[in-house]
Amino acid sequence: MPEAAADTAPDVQVVRPIAFPVLGSVNYGNDWGNCRDGCARRHQGTDMIGVRMQPLLAAVDGTVTRIRYENVGTAGTVISITGADGWYYNYFHVNNDTPGTDDGLNPAEYRFAPGIVLGARVTAGQTIGWMGDSGNAEG
């Protein structure tokens with residue numbers, strides 16, 4: 001996220017209107033900053049737990065500024081959308097399985113929606129990919 005302006009007090013909270021990033025019901029809570037890997041690192045996200053292949057939706061009008069097709073690292077398969085204001089929205093643990101399996105084969109048609117490539121323009125609420133358990137979210 002962009003750094004706060006020098007004249008912004010640290011306790012000021014900015015609220016940005018966004019489209020909910022998942023189509024359908026999910027469970028989530030405020031787990032930002034929770035210990036991970038024996039507190040070797042802190043969680044820097046909000047996990048949304050739903051079912052595999054639930055559509056992921058663009059939170060804002062913007063551009064695809066990062067896309068990782070491979071299932072690597074803690075985040076796995078990834079999409080990032082950046083809005084005109086410079087704020088970015090990361091989608092980690094994108095699907096890496098053939099539907100109905102946990103095979104990790106990462107078939108292209110089950111990761112991202114058609115046309116979702118680096119530099120693509122998206123609109124808020126547009127399907128960009130599918131929920132999964134890639135990276136360290138297996139299971």
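Bear in mind that the values in this text are calculations on the coordinates, not laboratory data. Since the model is a prediction, treat every value here as computed from it, not as a measurement. FYI the Cβ positions are ideal-geometry reconstructions off the backbone, even for glycines, and counts take in every protein chain you see.
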Has the stretch 82-89 got any residue that is under 16 Å from SER134 (Cβ atoms), out of contact with any strand residue (DSSP E or B) (no Cβ under 7 Å at 6 or more places or on another chain) and of a type outside the set (Val, Ile, Thr)?
no
Among the residues of the stretch 76-99, count how many are surrounded by fewer than 22 Cβ atoms within 10 Å (Cβ to Cβ) and of a type in the set (Val, Ile, Thr).
2
Considering only residues that are touching a residue at least 12 places away in the same chain (Cβ under 8 Å) and either surrounded by 12 or more Cβ atoms within 10 Å (Cβ to Cβ) or of a type in the set (Ser, Thr, Tyr) (or both), which ones fall in the stretch 100-117?
ASP102, GLY104, ASN106, TYR110, ARG111, PHE112, ALA113, ILE116
Which residues, counting only those in the stretch 49-99, are more than 18 Å from ALA124 (Cα to Cα) and touching a residue at least 60 places away in the same chain (Cβ under 8 Å)?
GLY50, VAL51, ARG52, MET53, ASN71, VAL72, GLY73, THR74, ALA75, GLY76
Kindly provide the set of residues from the stretch 115-139 that are closer than 18 Å to ARG66 by Cα and in contact with a Ser or Thr (Cβ under 9 Å, 6 or more places away or on another chain), ordered by number.
ILE116, LEU118, GLY119, ALA120, ARG121, VAL122, GLY129, GLY132, SER134, GLY135
